[in-house]
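Take a look at the structure set out below.
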Amino acid sequence: MGLTLIEAAKHETRVERLAVIRTFSEGQLIRRLPFRNLTGGALKFAKEKKLPRVGFRAVNEGYRRDYGAVANETEFVHLFGGDLDVDRSIVDLNGTEVRASQTEQKVRSMRLTLEAAILNGDANFDPRAFNGLSKRLVPGGVQTVDNGGGTVKLTRIEQLVDAVNANGGEKVLITSKAGRRQISAACRDVGGELYQVMDGRHWFEDVEILVVDQDANGQDVLGFGEAGKTTSFYCCSFGDELMTGLQGPFEGRYGISVRDFGEVQDAPVFRTRVDWYVGFAVCDDKAAARLYNIGPAVA
């Protein structure tokens, strides 16, 4: 069973790993996504395509034989991380706190990069990475809804949410800050309690809204950079058999690896390496959907 980073932190005892997990958990998407532990670096799964037929029978009759149709698919973990070098002179002159601050910045960059990859990753652009939701849910295809241009329409959001099956779990909406404001404004226009804020969490019709803001380069992850200066919203359901993160083991432990090499021999720098064998999978075709062709709000 996959665990979220918040749940995994409860079982962690190493201070440096706890600090890294805390920084990763600042992201709303990464904080909610569970991660399944994989041995061997690959997840092979059967994606359901057609259910077997059933029916009624008379006395002394047999049932008609039928079988479900599945498609065998495979997802892999990818090598993700970075080295952080801090010049010894900086540490000597300013103290060890400077090194801790630089390490935190590196981990925050990793979190922003990973969130952006889950949504907009392109294996053709970077074959070392994986395809994000935007490449798996192409506009006009199955599990996509056309907003029809202009600001977001509530009926289209409802259609997006209805396209996703949670199988007893919970669904989430993924958007930008600007997209969340559009949803809030549209709900205020029609009145009622479609949009609610409770304990700092935003909800649309009992579906929590998660915000993914900018990547590590300061670029909007879900900005209005799609065709016709539009953007997209996503709805997902998280779980081992739905949409899930993937992670492999490092030195017998699963999750994020943090190693302090101290001062290295080839340069007067202190080096810290952060590694994560990570990926994600959509194990059910109806565990994710996309609402596209959403224009910016008119001032």
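The values are calculated or read from the model by the stated rules, or taken from the named source; none is laboratory data. Note that the structure is predicted; figures quoted are calculated from it, not measured. With ligands, DNA and RNA removed, areas are computed over all heavy atoms of the protein, side chains included. Shrake-Rupley method; radii C 1.70, N 1.55, O 1.52, S 1.80 Å.
The fraction of accessible area contributed by carbon and sulfur in the chain is 49 percent, rounded to a whole number (1.4 Å probe; ligands and nucleic acids excluded).
Rank these by accessible area, largest first, 1.4 Å probe: 14, 259. Intermediate values should be presented prior to the final figure.
Numbers: 14 90, 259 60 Å².
The ordering from most to least exposed comes out as 14, 259.
Roughly what % of DSSP beta bridges within the chain run antiparallel, to the nearest 5?
Numbers: 50 of 61 bridges.
DSSP beta bridges in the chain are roughly 80 percent antiparallel.
Determine the gain in length on full extension of the stretch residue 49-residue 122; use 0.36 nm per residue of separation and subtract their C-alpha separation, reporting nm with one decimal.
On the way: separation 73, 0.36 × 73 = 26.28 nm, distance 2.52 nm.
Extending this stretch completely gives an extra 23.8 nm.
Among 113, 23, 155, the largest mean-square fluctuation in a Gaussian network model of the chain (Cα springs under 10 Å) belongs to 155. 3J(HN,Hα) along the range 63-80, derived from phi through the Karplus expression 6.51 cos²θ - 1.76 cosθ + 1.60 where θ = phi - 60°, amounts to 7, 6, 7, 7, 9, x, 9, 10, 10, 7, 10, 9, 10, 10, 8, 10, 7, 9 Hz, with x in place of Gly and Pro. Of the residues 180, 128, 108, the one with the largest accessible area comes first in the ranking 128, 108, 180, computed with a 1.4 Å probe on protein heavy atoms. Listed values for the range 19-28 are Karplus-derived 3J(HN,Hα) couplings in whole Hz (6.51 cos²θ - 1.76 cosθ + 1.60, θ = phi - 60°), namely 5, 5, 4, 4, 5, 5, 6, 5, x, 5, and x replaces Gly and Pro. Ligands, DNA and RNA are left out, and with a 1.4 angstrom probe the accessible area of the chain is 55 Å² per residue.
DSSP finds beta bridges in the range 223-282, and of those with both partners inside it, around 95 percent are antiparallel. Comparing 165, 131, 94 in a Gaussian network model of the chain, where Cα atoms under 10 Å apart are tied by springs, the biggest mean-square fluctuation is seen for 94.
Taking the chain as a Gaussian network of alpha-carbon nodes connected by springs under 10 Å, the highest mean-square fluctuation of the residues 118, 90, 256 belongs to 90. For the range 245-256, the Karplus equation 6.51 cos²θ - 1.76 cosθ + 1.60, evaluated at θ = phi - 60°, returns couplings of x, 10, 8, x, x, 9, 6, x, 10, 8, x, 7 Hz by residue, with Gly and Pro reported as x. Pair-distance distribution of the range 204-299: all C-alpha pairs, bin width 5 Å, starting at 0; shares per bin in whole percent are 3, 9, 11, 14, 16, 15, 10, 8, 7, 5, 2, 0. Straight-line cross-link partners of residue 286 among the aspartates and glutamates, defined as a Cα under 14 Å from its Cα and at least 8 positions apart when in the same chain: 48, 162, 170, 240, 241.
Going down the list 44/106; 44/177; 106/153; 106/135, which pairs span over 30 Å between their C-alpha atoms? In this structure, 44/106; 44/177; 106/153 exceed 30 Å between Cα atoms. What separates the Cα centres of the range 76-141 and the range 168-232 is a distance of 23 Å.
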